[in-house]
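Asker: Got a structure for you, questions after.
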Amino acid sequence: MDQTISVRVNDRSYDRSVEPRLLLSDFLRHELELTGTHVGCEHGVCGACTVLLDGVAVRSCLLFAVQADGRDVSTVEGLDGGTQALHPIQHGFWERHGLQCGFCTPGILMSLVPFLQENPNPTEEEIRDLLSGNICRCTGYQKIVEAVQLGARLIQEKSA
Amino acid sequence: MSTRQFGQPIKRNEDPRLLAGRALFTDDVQLAGMLHVAFLRSDLAHARIRSIDLGGAKERPGVAAVYTADDLGEYWQPGPLLVPPPPVGQLEFHPRTQVPLAKDKVRHAGEAVAVVVAESRYLAEDELDDIFVDYEPLDAVVDLEDALESGTPLVHDDLGHNINARGTQTKGDWAQAEDAADLVIRRRFHYDRGTAAAIENRGIVASWDDKSQQLTIWDTTQAPIAIRNGLAGMLGLSEHQVRVIAPFIGGGFGPKIMMFYPEEVLLAWATLQLGRPLKWIEDREENFYATTQERGQVHDATMALKNDGTVLGIKDVFLHDAGAYAPYGLTLPISSQCTLLGPYVVPEYHSEFTSVFTNKPIVTPYRGAGRQHGVFVMERLLDIAAKELGIDPISIRRKNYIQPDQFPYSNEIIFQDFTQLTYDSGNYEPALDRALELIGYQDFIRENQPRREAVGERVGISVVSYIEGTGIGPYEGARVTVEASGKVSVATGVGTQGQGHYTSFAQVVADQIGVAASDVHVVTGDTDLFYWGAGTFASRGAVVAGNAMHAAATKVRDKILKMAGEKLEAAEEDLELIEGRVQVKGVPQTSISIGELAVEANPMRGAVRPGTEPGLEATEYYGPERGATASGVHAMILRVDPETFLLEIEKYVVVHDCGTVINPLILEGQIQGGVAQGIGNAFYEQLHFDENGALRNASLMDYLLPTAADVPNIVSDHMETPSPLNPLGVKGAGEAGAIPVGALFAQALDNAFRDIGLEVREIPLSPNRLFELVTEASARGNA
Ligand code: FES
Ligand code: FES
């Protein structure tokens with residue numbers, strides 16, 4: 001039996017009728033065509049599918065779409081706040097070559113949003129600790145760490 | 001000329017789209033009326049198929065089709081042999097390639113047996129449960145040595161044995177070396193399997209349009225042109241009716257190379273049958289079985305030396321695990337055979353391999369591709385010899401390096417590009433010295449290590465060298481076009497999987513045309529936009545396609561200068577290209593934009609001179625006569641936790657030489673990413689097959705990929721010994737980071753446990769395995 005849900009994604013409301021077993025990742029990608037959220041393992045390890053649910057980073061492959069009913073989801077497509085401009089964290093990644101194939105990147109960016117809000121001045125160790133929840137097979141992480149450091153600085157400069 | 005962009009750390013053109021989540025990956029393709037495909041795969045590694053009962057799956061609502069091997073009729077054929085055997089003197093070769101769906105028998109766990117096509121992926125996967133395959137289980141061939149015993153089960157019954165190939169290559173006369181030796185060392189070395197584990201799994205979308213008679217395929221492949229040609233042939237279509245697009249790809253590392261994977265072959269066929277677009281996206285578990293893997297080898301190696309550490313010769317006899325099918329011919333064992341010789345003078349060499357079929361997933365090149373094994377054996381032999389001769393591991397390497405005046409240096413045997421293994425250029429000692437300096441070798445040995453050992457710490461250091469044959473042929477091409485807007489577009493056939501080709505190729509072209517790299521738009525991986533090419537593999541993109549770009553851009557530059565000279569009534573030598581304009585040197589008032597020239601080069605009326613080609617455009621091809629040899633030195637300091645045997649890499653240094661550098665930022669990224677994979681291969685990742693050929697750890701929960709907490713910061717530096725073989729002087733760099741890491745771990749661990757005489761002879765390791773090896777070594781010491 002399909003279930004009707006109403007989800008706000010990147011500040012836009014969507015009403016859809018879905019199978020209860022439909023994963024949130026599939027819902028975002030295939031029902032809403034927000035394909036920036038990627039899927040690398042579907043068992044909660046790689047972190048590529050990370051989105052924000054009411055502001056908290058979650059793995060969308062471990063949730064059903066129906067669990068997002070009545071809630072707020074943010075995905076990488078919403079990072080620009082509708083401005084079409086890159087977010088300071090994205091700038092950090094661009095400047096410091098924090099991505100190669102870019103497949104892991106949206107999940108990493110979404111993990112970083114709440115992290116840098118809570119922790120505007122993270123140490124390298126804190127950054128590495130946070131990143132250890134996301135697997136990147138291309139970069140070896142070093143440039144991601146540098147990207148996060150720059151991103152944190154850019155956020156501060158912007159709000160200063 | 002304005003500032004040169006070649007050689008600059010320019011940030012990447014492709015990034016904004018990727019960062020915004022707006023880049024197209026294969027699974028992002030959505031087509032109207034699209035159906036979804038799921039594969040029923042064998043749980044058993046080796047079994048006869050008695051019968052398949054579809055259990056009414058075909059009739060269920062939402063199911064469009066169910067196919068087994070019998071439904072394919074004539075289309076059921078083993079896949080092509082992708083690389084024929086090279087012209088190696090002594091060779092025995094029994095090719096067997098993968099089939100679209102198993103018929104009669106399955107040969108590895110995860111081999112596809114049936115296909116379901118349904119309205120959604122969920123439905124398609126549901127229906128797999130309804131299908132019942134009656135298997136007669138057979139004993140599995142898992143261990144390489146057991147595979148060759150008589151009376152052992154056969155992977156391919158018709159062969160009568162499990163030998164895929166045997167080959168011997170020699171240089172000089174090994175027997176002479178053995179006779180003349182002061183010391184002969186014999187050891188057995190093991191290297192086991194890992195998987196590339198790109199974060200994006202494989203995927204295919206295939207769509208046949210009956211009205212236009214066109215087949216379009218989006219494929220996570222590193223070689224779209226080869227796939228187009230192959231599929232067109234199999235399906236009886238013209239190559240012009242097939243378009244293969246390799247869009248953004250979430251990491252390749254080898255296994256996404258042209259394979260004619262069963263899924264590629266089946267989706268292309270099934271969309272023609274059903275007249276609807278089809279999508280298949282591999283899940284992570286399937287990736288562990290159905291995507292190819294690499295690295296199982298066992299080496300019995302012997303080295304002959306003089307007392308002063310001079311290497312006289314090496315004899316190496318090894319087994320190579322080909323898995324259930326071997327579409328890549330001898331590429332891997334030949335690569336191991338050649339890379340073993342490294343940057344050293346080895347006068348006499350005898351190398352003999354047997355490639356063995358096993359009931360395990362198919363083996364094809366994965367980043368490093370056979371080179372790891374060779375480097376591991378060579379570097380270990382040198383370490384062990386140094387220990388026995390009482391010389392230090394650095395001096396023995398220095399002593400045996402090929403000297404700068406010895407290039408080009410021929411090793412006489414045949415490389416994977418079918419030419420004689422000849423190093424184009426190199427200068428090894430400066431790289432070694434720089435690595436020693438960066439790692440702080442003397443200080444560590446003399447001061448740091450003794451001080452820390454005195455308080456019970458376990459710390460070790462290591463330094464290893466390697467070479468890498470890169471940039472092999474046959475060829476690539478590129479088309480460079482100046483558009484009316486003044487921007488430049490470039491098309492090439494190689495696919496790209498994160499290597500930054502959109503940027504590095506743009507840099508090559510930008511300097512010639514006098515525009516910013518950000519104004520050069522590179523298109524790769526779409527067979528409708530560039531017809532010819534081979535693909536991205538063997539660290540060849542920058543070398544082969546890069547030089548084709550350079551040639552095409554140079555030609556366009558000549559065209560621009562010729563036209564502008566006529567327009568501006570100036571001699572070509574007096575012109576310069578700056579920021580999208582051609583001007584008389586130092587006289588910016590007398591200039592014309594290249595966009596205007598492009599418009600004029602494509603006249604709509606009037607007559608042109610005979611022989612005139614329209615447009616500011618050129619297409620050029622480049623084929624190197626042989627590969628370029630990159631090299632490097634890695635050094636590491638590691639600390640072993642004496643309780644848990646977990647490792648901490650305290651310092652990691654890479655000094656590499658890949659010729660002229662196009663973009664140092666991208667190069668560093670390639671090196672760091674390669675090292676991270678090397679670290680995974682050396683200490684975290686191992687595929688555990690049980691005696692039945694079942695994979696015990698087919699998930700990212702159980703197969704450990706290194707995380708940000710495991711991979712250290714890497715200090716890197718580069719030397720530039722340009723390749724004399726190509727105009728840009730570049731050598732490839734895609735695999736270098738990953739190649740020597742196993743050897744590096746082994747040496748550092750031996751060093752940390754030298755008091756108990758630890759001698760690591762296998763990779764991958766793990767804390768558990770290290771504990772076992774240390775326990776054995778101490779027991780031997782105490783016995
Ligand atoms: S896809 Fe969700 S964690 Fe990997
Ligand atoms: S950039 Fe490819 S997986 Fe992270």
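The values are calculated or read from the model by the stated rules, or taken from the named source; none is laboratory data. Keep in mind it's a predicted model, so treat the numbers as computed, not measured. No Cβ is skipped: glycine too gets one built from the backbone with ideal geometry, and neighbour counts run over all protein chains shown. Areas reflect the complete protein model, heavy atoms only, side chains present, ligands, DNA and RNA absent. Shrake-Rupley method; radii C 1.70, N 1.55, O 1.52, S 1.80 Å.
Asker: Using 0.36 nm times the number of residues separating B:E566 and B:L154, minus their current alpha carbon distance, what extension gain do you get?
Answerer: Details: separation 412, 0.36 × 412 = 148.32 nm, distance 7.33 nm.
Taking B:E566 through B:L154 to full extension adds about 141.0 nm, to one decimal.
Asker: Here's a follow-up. For peptide B:216-226, what's the mean number of Cβ atoms from other chains within 10 Å of each residue's Cβ? Show your work: numbers first, answer last.
Answerer: On the way: counts 0, 0, 0, 0, 0, 0, 0, 0, 0, 0, 0.
Mean partner-chain Cβ count within 10 Å for B:216-226: 0.
Asker: Dipole magnitude of region A:3-77 about its Cα centre, charges +1 at Lys/Arg Cβ and -1 at Asp/Glu Cβ only, in debye to the nearest 20?
Answerer: Working: 7 positive and 11 negative charges, 23 e Å.
With Lys and Arg at +1 and Asp and Glu at -1, about 100 debye.
Asker: Then there's this: Please list, ordered by chain and number, the residues whose modelled amide H lies under 5 Å from the amide H of B:L40; skip anything fewer than 5 residues away on the same chain.
Answerer: Here B:V113, B:A114, B:V115, B:V116 satisfy the definition.
Asker: Let me ask something else about it. So how far, in whole Å, is the C-alpha centre of region B:147-215 from the one of region B:269-326?
Answerer: 5 Å
Asker: Can you work out the FRET efficiency for the pair B:R696 and B:E650, with r the C-beta to C-beta distance and R0 = 51 Å, to the nearest 0.05? Each step should come with its number before you reach the end.
Answerer: Details: r = 32 Å, r/R0 = 0.63.
E between B:R696 and B:E650, to the nearest 0.05, is 0.95.
Asker: Determine the alpha carbon to alpha carbon distance for each of A:K143/B:K651; B:K11/B:K256; B:K103/B:K279 and list only those over 20 Å. Before the final figure, lay out each step's value.
Answerer: On the way: A:K143/B:K651 16 Å; B:K11/B:K256 26 Å; B:K103/B:K279 24 Å.
As for pairs spanning more than 20 Å Cα to Cα, those are B:K11/B:K256; B:K103/B:K279.
Asker: Follow-up. Calculate the FRET efficiency for B:D300 and B:V608 from the Cβ-Cβ distance with a Förster distance of 56 Å, rounded to the nearest 0.05.
Answerer: Working: r = 69 Å, r/R0 = 1.23.
Taking R0 as 56 Å, the efficiency between B:D300 and B:V608 is 0.20.
Asker: Could you give the size of the charge dipole of the protein assembly as shown about its Cα centre, using +1 on the Cβ of each K and R and -1 on the Cβ of each D and E, expressed in debye and rounded to the nearest 20? Mind dumping the intermediate values first?
Answerer: On the way: 79 positive and 128 negative charges, 293 e Å.
Dipole about the Cα centre, nearest 20: 1400 debye.
Asker: If contacts are Cα pairs under 8 angstrom and at least 6 residues apart, what is the relative contact order of region B:473-622 in percent?
Answerer: Numbers: 290 pairs, mean separation 49.2, N = 150.
Relative contact order of region B:473-622: 33 percent.
Asker: Hey, another quick one. At a 1.4 Å probe radius, which order do B:I163, B:I10 fall into by accessible area, largest first?
Answerer: Numbers: B:I163 15, B:I10 40 Å².
The most accessible residue leads, giving B:I10, B:I163.
Asker: How well do other chains shield peptide B:672-681, expressed as the mean number of their Cβ atoms within 10 Å of each residue Cβ? Write down the numbers at each step before the final one.
Answerer: Values: counts 9, 10, 2, 2, 7, 3, 1, 1, 1, 0.
Taking all residues of B:672-681 together, the mean is 4.
Asker: Then there's this: In percent, what relative contact order does chain B have, based on Cα pairs under 8 Å that are 6 or more apart in sequence? Numbers along the way, then the final one.
Answerer: Numbers: 1910 pairs, mean separation 123.4, N = 783.
It comes to 16 percent, rounded to a whole number.
Asker: Then there is this: Placing +1 at every Lys and Arg Cβ and -1 at every Asp and Glu Cβ, with all other atoms neutral, what dipole size does region B:354-414 have around its Cα centre, in debye to the nearest 20? Walk me through the numbers before you get to the answer.
Answerer: Numbers: 8 positive and 6 negative charges, 53 e Å.
Dipole size: approximately 260 debye.
Asker: Rank by packing, highest mean first: peptides B:86-98, B:470-482, with packing defined as the count of other Cβ atoms within 10 Å averaged across residues.
Answerer: On the way: B:86-98: 15.9, B:470-482: 24.2.
Ranked from most to least packed, the peptides come out as B:470-482, B:86-98.
Asker: If we count every other residue with Cβ under 13 angstrom of B:P80's Cβ, Lys/Arg +1 and Asp/Glu -1, where does the sum land?
Answerer: On the way: positive: B:R96; negative: B:E264.
Cβ neighbours under 13 Å give a net charge of 0.
Asker: Taking the Cα-to-Cβ direction at A:D54 and at B:A175 and moving 7 Å from each Cα, how far apart do the two end points lie in nm?
Answerer: Going from the A:D54 label point to the B:A175 one covers 8.2 nm.
Asker: Sticking with the crude label model, points 7 Å out along Cα→Cβ, report the distance from B:D71 to B:L183 in nm, one decimal please.
Answerer: Each label point lies 7 Å from its Cα, and together they span 6.5 nm.
Asker: Using mean Cβ contacts within 10 Å as the protection proxy, how do B:323-329, B:25-31, A:137-143 order, highest first?
Answerer: Numbers: B:323-329: 25.4, B:25-31: 20.0, A:137-143: 27.4.
The peptides rank, most packed first, as A:137-143, B:323-329, B:25-31.
Asker: Taking +1 at the Cβ of each Lys and Arg and -1 at the Cβ of each Asp and Glu, which of B:N713, B:I649, B:P361 sits farthest along the dipole of chain B towards its positive end, judged by Cα position relative to the Cα centre?
Answerer: B:N713
Asker: At the nearest 100 Å², what buried accessible area, both sides summed, do you get for B and A when the probe is 1.4 Å?
Answerer: Values: alone 29280 and 8670 Å², together 33490 Å².
Answer for the B-A pair: about 4500 Å² buried.
Asker: Additional query: Once you average over the residues of B:713-723, how many Cβ atoms of partner chains fall within 10 Å of each Cβ? Display every interim value, and only then the final one.
Answerer: Values: counts 7, 2, 0, 1, 0, 0, 0, 0, 0, 0, 0.
Rounded to a whole number, the mean comes out at 1.
Asker: What does the accessible area of B:H688 come to, in Å² to the nearest 10, when a probe of 1.4 Å is used?
Answerer: My reading of the accessible area for B:H688 is about 90 Å².
Asker: Give me the net charge for the shell around B:V375: Cβ to Cβ below 13 angstrom, other residues only, Lys and Arg +1, Asp and Glu -1. Walk me through the numbers before you get to the answer.
Answerer: Values: positive: B:R295, B:R371, B:R380, B:R397; negative: B:D316, B:E379, B:D383, B:E468, B:E735.
Computed value for this residue: -1.
Asker: May I ask you to list, by number, the DSSP H helices of chain A whose Cα span along the axis is at least 24 Å and whose average Kyte-Doolittle hydropathy reaches -0.5 or more?
Answerer: On the way: long enough: A:142-159 (26 Å, -0.13).
Long hydrophobic helices here: A:142-159.
Asker: Efficiency by 1/(1 + (r/R0)^6): what FRET value for A:H43 and B:S212, r their Cβ-Cβ distance, R0 = 45 Å, to the nearest 0.05? Don't jump to the answer; show the numbers that get you there.
Answerer: Working: r = 40 Å, r/R0 = 0.90.
The formula returns an efficiency of 0.65 here.
Asker: Taking B:K306 as the anchor, which lysines have their alpha carbon closer than 27 Å to its alpha carbon, excluding any fewer than eight residues away along the same chain?
Answerer: By straight Cα distance, B:K306 reaches B:K171, B:K315, B:K387, B:K399.
Asker: Roughly how far apart, in whole Å, are the Cα centres of region B:534-609 and region B:222-241?
Answerer: Measuring centre to centre over Cα atoms gives 34 Å.
Asker: For B:D182, what charge total do you get from the other residues with a beta carbon under 13 Å from its beta carbon, if Lys and Arg give +1 and Asp and Glu give -1?
Answerer: Numbers: positive: B:K306; negative: B:E178, B:D179, B:D308, B:E388.
Local charge sum for B:D182: -3.
Asker: Follow-up. How long is the gain from B:N782 to B:R398 if the chain were fully straight, where each residue apart is worth 0.36 nm and the alpha carbon distance is subtracted? Can you show the working numbers first?
Answerer: Numbers: separation 384, 0.36 × 384 = 138.24 nm, distance 3.45 nm.
Net length gain for the segment: 134.8 nm.
Asker: Continuing with the same structure: Given points 7 Å out from each Cα along the Cα-Cβ axis, report the B:D139 to B:R4 separation in nanometres with one decimal.
Answerer: It works out to 6.5 nm between the two label points.
Asker: While we're here: Just reorder B:I185, B:I49 by solvent-accessible area, largest first, 1.4 Å probe, all chains present. Could the numbers behind the result be given before it?
Answerer: Working: B:I185 0, B:I49 25 Å².
The most accessible residue leads, giving B:I49, B:I185.
Asker: Here is a follow-up. Given the C-alpha centroids of region B:30-49 and region B:479-527, what is the distance between them in whole angstrom?
Answerer: So the two Cα centres are separated by 38 Å.
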